[in-house]
Each structure stands twice: as structure tokens, then as C-alpha cells.
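K.L.:
Following this message is one structure expressed as C-alpha cells.
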Amino acid sequence: MKRPSLAAVLLGLIPFTAVCFTVGLWDRVYPMVLGLPFNFFWLILWLFLTPLCLWGAYRLEEPRAEGDHHKEGGGD
């Protein structure tokens, strides 16, 4: 099994960093965004952005995995 590329790891770390380490920047009740306090809006936003980041990481790794599959002679 190959190690993931640095770009894929960084894409995976974006949501983690955005939710865990930016609290001091957005920990406010006001302003309201779409009727929600900004902190709830921020967390809900990252619920939708996390799959996009992970999809991007998958897309980066997919060609590498296909290359390994062909090298091993597993193709039909």
C-alpha cells in the first residue's frame, strides 16, 4: 500500500483545521448568517465542505492507485 501524496493529506487536513483550530476567529453569536449564529453556520458549512475536500483528495489519489494496479499485472 502506497503512502498518500502530500496534497491529498493537506486536503484532508483542511476541514479538521477549519473546525478545530479557528474557534477563536469565529466564536461569536453575532453576526447572524441565514438566521443562524455565525458559529453554527460555520460548523454546518464545514459539514458540506468536508466531503468536497475528501473527494478532491480521492481524485488526486485515484490515478496513483490505477498506476499501481496496472504495474502489478492485475488488469484484465
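K.L.:
Considering only the range 1-40, state which residues are within 16 Å of Ala57 (Cβ to Cβ), of a type in the set (A, V, I, L, M) and surrounded by 12 or more Cβ atoms within 10 Å (Cβ to Cβ). Can you show your working first?
P.N.:
At the first step, the residues of the range 1-40 found to be within 16 Å of Ala57 (Cβ to Cβ) are 1-18.
With of a type in the set (A, V, I, L, M) added as a condition, the list becomes 1, 6-11, 13-14, 18.
Those that are within 16 Å of Ala57 (Cβ to Cβ), of a type in the set (A, V, I, L, M) and surrounded by 12 or more Cβ atoms within 10 Å (Cβ to Cβ): Ala7, Ala8, Val9, Leu10, Leu11, Leu13, Ile14, Ala18.
K.L.:
Residues that are at pLDDT 85 or above and within 18 Å of the chain's Cα centre (by Cα), at least 3 per element: which helices (runs of 4 or more DSSP H) completely within the chain meet that?
P.N.:
The helices (runs of 4 or more DSSP H) meeting that bar are 6-20, 38-71.
K.L.:
Considering the range 17-66 alone, what residues qualify as being of a type in the set (Gly, Ala, Ser) and in contact with a Pro (Cβ under 8 Å, 6 or more places away or on another chain)?
P.N.:
Selection gives Ala57 alone.
The values are calculated or read from the model by the stated rules, or taken from the named source; none is laboratory data. For clarity, every value in this text was computed on a predicted model and none was experimentally measured. Glycine gets a Cβ as well: all are built from the backbone with ideal geometry, and neighbour counts include every protein chain shown.
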